[in-house]
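Notes for the one structure printed next.
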Amino acid sequence: MENENSAIYQEVQALLGDLPQHRTQLLPLLWRVAEHQGRISRQAMEAIAVVLNVPVADVFGVASFYTLFEDVGENVPVYICTDVMCALAGAEQLKETAEHSAVNRPVAVKESACLGQCDHAPAAWIKGKVFKRATAEEIEAAIKEVRHE
C-alpha cells in the first residue's frame, strides 16, 4: 500500500488539485491520473485509495469496469459503446466504420462498456471527447484527424 511519502502518492495528491478529497471524486481522479500517466498503474490505484480514503478494491473495481482506462500503448484509443442502448442504436456499424477508418493510423478501436450516454446512443469517445448520437461520418472524420506523432 502506498504511503503518504511516496512519489506516486504526492503525484496523485497534486492531480486531485481542486477536487474535494472525497469518495465522490474517484472517477474524476481516475481520469486525471489516466490522462497524466497514460494509464492507471497498480501503485496509482493504491495511492488513489489512500488519498480518497476508500478501499483499493473499490478503486480497482471502478478502474477495471471502464475500458477507457486500459493501456493501448502509443495508439490513440477510440471507444465505441456497445452496451444495450448503443447496440440497439447502431453501435456495431459505428465500430465497423471506426475499424475501417483506423487502418494505417495510430488508432486502437475498442468496445466499451457504458459511456453514460444511454439517452444519446450510440456513443463514442475519442481523445477525451464524447460523441453523442454519433454518426459514422463524425467518427470517420475524428479518426482521420489523428496523426502519427
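Going through P77, P106 one at a time, which residue ends up being out of contact with any Pro (no Cβ under 6 Å at 6 or more places or on another chain) and surrounded by fewer than 16 Cβ atoms within 10 Å (Cβ to Cβ)? Checking each option against the conditions leaves just P106.
For segment 114-149, filtered to residues that are small (G, A, S) and under 21 Å from Y66 (Cα atoms), the residue that is modelled with the lowest pLDDT is G128. The residues on offer are E96, E46, E35, and the sole one that is surrounded by fewer than 16 Cβ atoms within 10 Å (Cβ to Cβ), of a type outside the set (F, W, Y) and more than 18 Å from G128 (Cα to Cα) is E96.
If we scan segment 50-59, do we find a residue that is among the aliphatic types (A, V, I, L, M), in a helix (DSSP H, G or I), surrounded by fewer than 16 Cβ atoms within 10 Å (Cβ to Cβ) and not assigned by TED's automatic domain parsing to the domain that holds L115? Checked segment 50-59: at least one residue is among the aliphatic types (A, V, I, L, M), in a helix (DSSP H, G or I), surrounded by fewer than 16 Cβ atoms within 10 Å (Cβ to Cβ) and not assigned by TED's automatic domain parsing to the domain that holds L115.
Which residues, taken from segment 20-66, are β-branched (V, I, T) and within 16 Å of the chain's Cα centre (by Cα)? Give the derivation first.
Of all residues in segment 20-66, those β-branched (V, I, T) come to 24, 33, 40, 48, 50-51, 54, 56, 59, 62.
Listed by number, the residues that qualify are V33, I40, V59, V62.
The values are calculated or read from the model by the stated rules, or taken from the named source; none is laboratory data. All values reported here derive from a predicted model rather than from experimental measurement. Heads up, the Cβs are rebuilt from the backbone with ideal geometry, glycines too, and the neighbour counts pull from every protein chain shown.
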